[in-house]
Every structure is written in C-alpha cells, then in structure tokens.
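Here the structure comes first, spelled out in structure tokens, and everything after it is commentary.
The values are calculated or read from the model by the stated rules, or taken from the named source; none is laboratory data. No experiment lies behind these values; they were computed from the predicted model shown. When we count neighbours, we look across all protein chains shown, and the Cβ atoms used for this are built from the backbone with ideal geometry, even at glycine.
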Amino acid sequence: MLDALVVDPELQSRLNFKQVAREVGVYRTMHFASTLREGLERLNSTKDYGVLYLSARFDAGVVREFIPAAKRSPRGQDAAFLLVVQSGNNEPETLARAMASGVDGVLIEPYSVDALRECTQLAVAVRGQRLEARYRSAVNLLVQSSVAYTDEAWKETKIVGAAVTPMKRLAAIREDVERLPAAYQVYYHEQLIERTIAAQIPQLPHKPSALYKGSSSRVKARLVRRGL
C-alpha cells in the first residue's frame, strides 16, 4: 500500500479526494497540504510518499518549478506525480503541457472510484520503476568500488604484506550491501561475480633491479689489457 500526499488549495476538493480514496481502500495514509510550500515541507520530512496528487488550480508556472524541486526531495524522488485537472480544463494542449512539466499522469475532476483506482495502479508501477532504477544504479557503483578496492588490497598485500585501508573500505561496502533489499543483494553478488570473471589480474608496480654500480674490477682489468 502507498502513502499519498494531496496538494490542493481548496478544502472541498481535499475532502472529496479523502472520501473517494477511502472507498478505493489502497492508501495506507493520506496527508494533505493547501499550499505548494507546505507540500514541499512534507516531502522533506520523514514520510516516504508513493504518490503525490497535485492540483492544477495552482498557477501553471509555479507548478512547473515545484515538480523538479519535489522530485529532488528525499521523500519525493521515487513518488509518482499525478496532476488533478478540473473538467473543462482538460484540452489536449493542457494535458500535453502537464506531461511535459514532469507529471506521470492526469486525474480529471470529478473522478470516480474506478478512475482513482487506475491512477493508483499507475502510481505503483511508476514508483516500482524508479525504485528499481535507483537501486540498480547504487548496486553498480558498489560493485565498481568493490572491484577497485579488491585490486588495491591485493597489490598492497603483495608489496607491504598488509592492506588495512582497502579492507576497511570493503567492510563498509559489505554493510551497505546488507542494508539493500534481498533481491538487490542477490543482484550485487551476480554483478560482482561477472565483473570479477571479466577483470584482468592486476599488475604489480614495476620493481627496479639493483642499481648498476659499474663494471667489476676483473672486467676493468681485462679492458685495460686490451687497451680499451
């Protein structure tokens, strides 16, 4: 179930949403904000929202500025953004501008239980895609760091007999991996195995041989006898 945030300046509209959403019965919690500033404050709080319903009653220019800021917020980066448009203001160009501004879908007032349910299904799909993309990106970075620190540890062990710093970093990565959902822990190990198999054995730094100190006395004597 999702937690929903509704940002709408009209009290009656917020009450209507609450009533219909209760009939849908798919939201764990519903929070409401009457201004965009209040909505952004909620998105910067500790609540992790799965979907945000944003009223088109706000000025279109302000909404275009709000959406990118909301998507950068800690609790809005994975949320689906749906614009609630009043009937009579749902011309194709209006909807096109809404989609171009960054919303994922449109809900037209007055809406039914079925319409809100469809929007909820869309929100679940969008949130799932964003979570997966973010987790996969994080895992790929962890794998890249793991391979690099493993190479570094191998080199330091061969040269100085110990690898304290890279081993500490690998231990920190292991803790990061353990905090991932189980499916992405599996993905991490699969990617790490693939990268390890494909990787070349790291080369040790070239160790110069002992410095040349000139010819031996015996060689020098031979050269003298030959008149060289």
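Computed values, structure above
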| quantity | calculated |
| --- | --- |
| Pairs where the first residue, in region 52-79, is among the polar types (S, T, N, Q) and the second is modelled with pLDDT of 85 or more and in a strand (DSSP E or B), C-beta under 6 Å, 6+ apart | S55/V84 |
| From T35, T29, residue being in contact (Cβ under 8 Å) with a residue 24 or more places away in the chain, more than 16 Å from L107 (Cα to Cα), in contact with a Pro (Cβ under 9 Å, 6 or more places away or on another chain) and not aliphatic (A, V, I, L, M) | T35 |
| Residue under evaluation L15, criteria (1) within 20 Å of L116 (Cα to Cα); (2) at pLDDT below 85; (3) out of contact with any Ser or Thr (no Cβ under 8 Å at 6 or more places or on another chain), criterion not met | (2) |
| Residue count for region 21-42, restricted to those that are in a helix (DSSP H, G or I) and either of a type in the set (D, E, K, R) or modelled with pLDDT of 90 or more (or both) | 9 |
| Residue ID - modelled with the highest pLDDT, chosen from residues in region 104-122 that are part of a helix (DSSP H, G or I) and in contact with a Phe, Trp or Tyr (Cβ under 9 Å, 6 or more places away or on another chain) | L116 |
| Flag for A96 being part of a strand (DSSP E or B) and either more than 19 Å from V113 (Cα to Cα) or of a type in the set (G, A, S) (or both) | no |
| Residue in region 19-29 that is over 18 Å from G102 (Cβ atoms), touching a Phe, Trp or Tyr at 6+ places or on another chain (Cβ under 7 Å) and buried (at least 19 other Cβ atoms within 10 Å of the Cβ) present | yes |
| Region 131-176 - residue that is hydroxyl-bearing (S, T, Y) and surrounded by 12 or more Cβ atoms within 10 Å (Cβ to Cβ) and, of those, nearest to P74 (Cα to Cα) | Y135 |
| Hits in region 43-63 (condition: charged (D, E, K, R) and at pLDDT 85 or above) | R57, D59 |
| Condition met for V147 (among the β-branched types (V, I, T) and part of a helix (DSSP H, G or I)) | yes |
